[in-house]
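The values are calculated or read from the model by the stated rules, or taken from the named source; none is laboratory data. Here the structure is a predicted model, which means the values were calculated and not measured. Cβ coordinates were reconstructed from backbone atoms using ideal geometry, including for glycine residues, and neighbour counts include every protein chain displayed. These accessible areas exclude ligands, DNA and RNA; they are computed on the full protein's heavy atoms, side chains included. Shrake-Rupley method; radii C 1.70, N 1.55, O 1.52, S 1.80 Å.
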Amino acid sequence: MKASTVDDLRAPLKTLRFLADEFPELPAADVHVSRLFPDRVELSFHDDLGAFEAWRAALAIGPDAVRFGTQGADDSTMNLRAEGPYGACTLSLVAYGPTPSALLATGVAA
């Protein structure tokens, strides 16, 4: 169901308010609410896998629910994804960071 009014986005917006109240000490994330998927909230983290992990643990999303992938022409960026129910929404966590081989190629991990 596509949202046509702000009222149709009440569930994800309420979810964001609850997250802010319940977890004020957790790292900030980029937040995405879409009128195409009004029952979903996405929190994304760029170059901060620790923030992803902090949120995953706080939301009691099991490590086995995390999916790993790579992207980019040379697979130099990894992405982690996990989701679980939260209130009336599905909460999606997404993290992006360099792969270990990309770090080695730049000499950062050496």
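Here are some conditions: (1) at pLDDT 95 or above; (2) closer than 23 Å to P98 by Cα; (3) surrounded by 15 or more Cβ atoms within 10 Å (Cβ to Cβ). S76 meets all but one. Which one does it not meet? Condition (1) is where S76 drops out. Criterion applied to H46, H32 was being open to solvent by 50 Å² or more (accessible area, probe 1.4 Å) and either at pLDDT 95 or above or aliphatic (A, V, I, L, M) (or both), and the one residue passing it is H32. Would you be able to tell me the number of residues in the stretch 1-48 that are under 12 Å from the mean Cα position of the chain (by Cα), more than 12 Å from S92 (Cα to Cα), in a loop (DSSP other than H, G, I, E, B) and of a type outside the set (D, E)? So the answer is 2. Within the stretch 1-21, the set of residues being open to solvent by 40 Å² or more (accessible area, probe 1.4 Å) and within 21 Å of L49 (Cα to Cα) comprises L16, A20.
Can you tell me which residue is nearest to K14 (Cα to Cα) among those in the stretch 55-73 that are among the aliphatic types (A, V, I, L, M) and crowded, with 18+ Cβ neighbours inside 10 Å? The selected residue is L59. Quick check, is R35 more than 24 Å from L80 (Cα to Cα) and basic (K, R)? No.
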